[in-house]
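The values are calculated or read from the model by the stated rules, or taken from the named source; none is laboratory data. Quick caveat: nothing in here was measured; it's all calculated off a predicted structure. Please note: Cβ atoms are built from the backbone with ideal geometry, for glycine as well, and neighbour counts cover all protein chains shown. With ligands, DNA and RNA removed, areas are computed over all heavy atoms of the protein, side chains included. Shrake-Rupley method; radii C 1.70, N 1.55, O 1.52, S 1.80 Å.
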Amino acid sequence: MKGLYCRAGLSDAELKFIIQDATLSDVLDSHQVRVQVKACGLSPVDLKFLGDLGIQNDVIPVGRDVAGVVLQVGPKVSFFQPGDEVVGILPVDTPCSGLCSVIDMDEHCLVQKAEKLSWVCVAGALRDGVCAYTALHTLAHMAAGHTLLVLDGASPFGLMCIQLACYHGVKVLTTSHSPQDHTFLEQLRPTVGVQDPLIARVIPVYSAPLDLLPAVLEETGGLGVDIVIDSGVRLQEEGEPEERKLLPHKHDIISVLGVGAHWVTSHQDLQLDPPDCRMLFLKSATVSFLNAEIWLTSSAQKGRYLHILRDIVEKMSSGVLRPQPEEAVPLYEATVAMETIQRQQKRKTVVQL
């Protein structure tokens, strides 16, 4: 049995992705489930994050978002039986690659897959769904009547946030990074009910990034938004890499926050200067860091985590959450696909087995 693994170098640029043999134990643990993998989502490997958790193996398994069919269950498994279609995310410290044809997982990392959902769709969208739930429900305490600003709404994560927020009665503003993204976001409509646009306003930042603040204040009557979810932040006005030119400056984000607002950031190395903190204090606003991996680091959170996974699958099945379709690649292209993902850091690919 073959799996995809990452051989760690001194830096992300020196990572090597290799296919190597993997073996399974002859006997399942009490709560383990043996799954035949049908599809696996690939995402970038974060060596710094793994190092912070004390995971410093020479070879790191790649591919953790899996969907498949249960082949065998452990003696104390109560949630599943052979033949069930399941989906889940392997833990950070898993020794097993999700691209193996058969894997062993703890039953508390899996939920039932809705029959109408394709393997590729659910494996590609599950992680973005978890991130959206974590950002909006757990960190930002979203409620009906709030106003939300999603930066880069056409990204897979941004799209999940928009659809989830609209379902709960939140007014959504978003930014577009290209004319194609702008057209796509303007045309978003719900699958059921009144076919009004999902987004109250799409703000183009690819031609004039400075338009963000006046556009948001105009749309909110000068009050600012209740929630901001970013896809990265510029810390300096000048000297940032070209790929970060479309990201908002941290001061712009703080400026669009309303009183008591929540800023949820995915920027791991965010630095706030004393004037930034003073403005946040005056607005009584909060900054939260989005780390969707946190659910599996504490056994006390597993119940909530499974509830989130089930709700994501249910909303995808009913059409409330409609992820952008991922183009599946065959297993023999997994190494090249993973190298591209690691280099671009944002692109996602699903491998169909």
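Can you confirm whether the range 95-115 contains a residue that is buried (at least 16 other Cβ atoms within 10 Å of the Cβ) and without any contact (Cβ under 8 Å) to a residue 40 or more places away in the chain?
There is no residue in the range 95-115 that is buried (at least 16 other Cβ atoms within 10 Å of the Cβ) and without any contact (Cβ under 8 Å) to a residue 40 or more places away in the chain.
Condition test on ILE55, is it hydrophobic (A, V, I, L, M, F, W, C) and part of a loop (DSSP other than H, G, I, E, B)?
Yes, satisfied.
Can you tell me which residue in the range 21-46 is least open to solvent (accessible area, probe 1.4 Å), limited to those that are without any contact (Cβ under 8 Å) to a residue 12 or more places away in the chain and over 25 Å from the mean Cα position of the chain (by Cα)?
Among residues in the range 21-46 that are without any contact (Cβ under 8 Å) to a residue 12 or more places away in the chain and over 25 Å from the mean Cα position of the chain (by Cα), the one least open to solvent (accessible area, probe 1.4 Å) is VAL27.
Could you tell me which numbered condition PRO325 fails, if it satisfies all but one of (1) open to solvent by 70 Å² or more (accessible area, probe 1.4 Å); (2) in a loop (DSSP other than H, G, I, E, B); (3) more than 17 Å from ALA67 (Cβ to Cβ)?
For PRO325, the failing item is (3).
Taking the criterion of being aromatic (Phe, Trp, Tyr) and out of contact with any helix residue (DSSP H, G or I) (no Cβ under 8 Å at 6 or more places or on another chain), would at least one residue in the range 302-309 satisfy it?
No: the range 302-309 contains no residue that is aromatic (Phe, Trp, Tyr) and out of contact with any helix residue (DSSP H, G or I) (no Cβ under 8 Å at 6 or more places or on another chain).
Yes or no, residue by residue, for (1) within 30 Å of GLN112 (Cβ to Cβ); (2) open to solvent by 20 Å² or more (accessible area, probe 1.4 Å); (3) in contact (Cβ under 8 Å) with a residue 60 or more places away in the chain:
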| position | (1), (2), (3) |
| --- | --- |
| HIS267 | no, yes, no |
| PRO274 | no, yes, no |
| SER284 | no, yes, no |
| VAL287 | no, yes, no |
| SER299 | yes, yes, no |
| ILE312 | yes, no, yes |
| SER317 | yes, yes, yes |
| VAL320 | yes, yes, yes |
| VAL329 | yes, yes, no |
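In the list GLY153, GLY88, GLY158, which residue meets the criterion of being part of a loop (DSSP other than H, G, I, E, B), in contact with a strand residue (DSSP E or B) (Cβ under 8 Å, 6 or more places away or on another chain), touching a residue at least 40 places away in the same chain (Cβ under 8 Å) and open to solvent by less than 20 Å² (accessible area, probe 1.4 Å)?
The unique qualifying residue is GLY153.
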